[in-house]
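The values are calculated or read from the model by the stated rules, or taken from the named source; none is laboratory data. This one's a predicted model, so the numbers in the text were calculated from it and none came from an experiment. Glycine gets a Cβ as well: all are built from the backbone with ideal geometry, and neighbour counts include every protein chain shown.
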């Protein structure tokens, strides 16, 4: 989890760490050691997201407020990571619908989707490529080109 807070869904993150005690969860923030669970690894603050993404297998973005856009999810997907996001705000535009949690305040929904991801890595890889296609529209150069086309029309 990056920069946890209630608005970012830290209670979902903690709930998942408790439900999966044999899985390591990474926590990246300036405020280390906020949660005392053995399977939470504190990474401190990392400004280089590519180094962050190289340390994890699955990114969860359990935001509880309507994020205007899901830049971190696009960056993770472009780095080869599968991403599961809450159905809140602009996050839903950045991934295949299979990776969206509609009842995003319900821990059981997150548990079910994470279990599914652990048990279906072949499907996960296949559907990740769909998310990669979705993310193509948000690559900086393509995004700038699209905005310029709108501006000049």
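For segment 93-104, which residues satisfy the criterion of being outside any loop (DSSP other than H, G, I, E, B) and in contact (Cβ under 8 Å) with a residue 12 or more places away in the chain?
93, 98, 99, 100, 101
Look at residue 147 and say whether it is assigned to a helix (DSSP H, G or I), modelled with pLDDT under 70 and exposed (fewer than 14 other Cβ atoms within 10 Å of the Cβ).
Numbers: assigned to a helix (DSSP H, G or I): yes; modelled with pLDDT under 70: yes; exposed (fewer than 14 other Cβ atoms within 10 Å of the Cβ): yes.
Yes: the conditions hold for residue 147.
Output the residues belonging to segment 81-112 that are surrounded by 18 or more Cβ atoms within 10 Å (Cβ to Cβ), farther than 24 Å from residue 19 by Cα and out of contact with any strand residue (DSSP E or B) (no Cβ under 6 Å at 6 or more places or on another chain).
Once the filter is applied, which keeps residues that are surrounded by 18 or more Cβ atoms within 10 Å (Cβ to Cβ), farther than 24 Å from residue 19 by Cα and out of contact with any strand residue (DSSP E or B) (no Cβ under 6 Å at 6 or more places or on another chain), segment 81-112 yields 94, 96.
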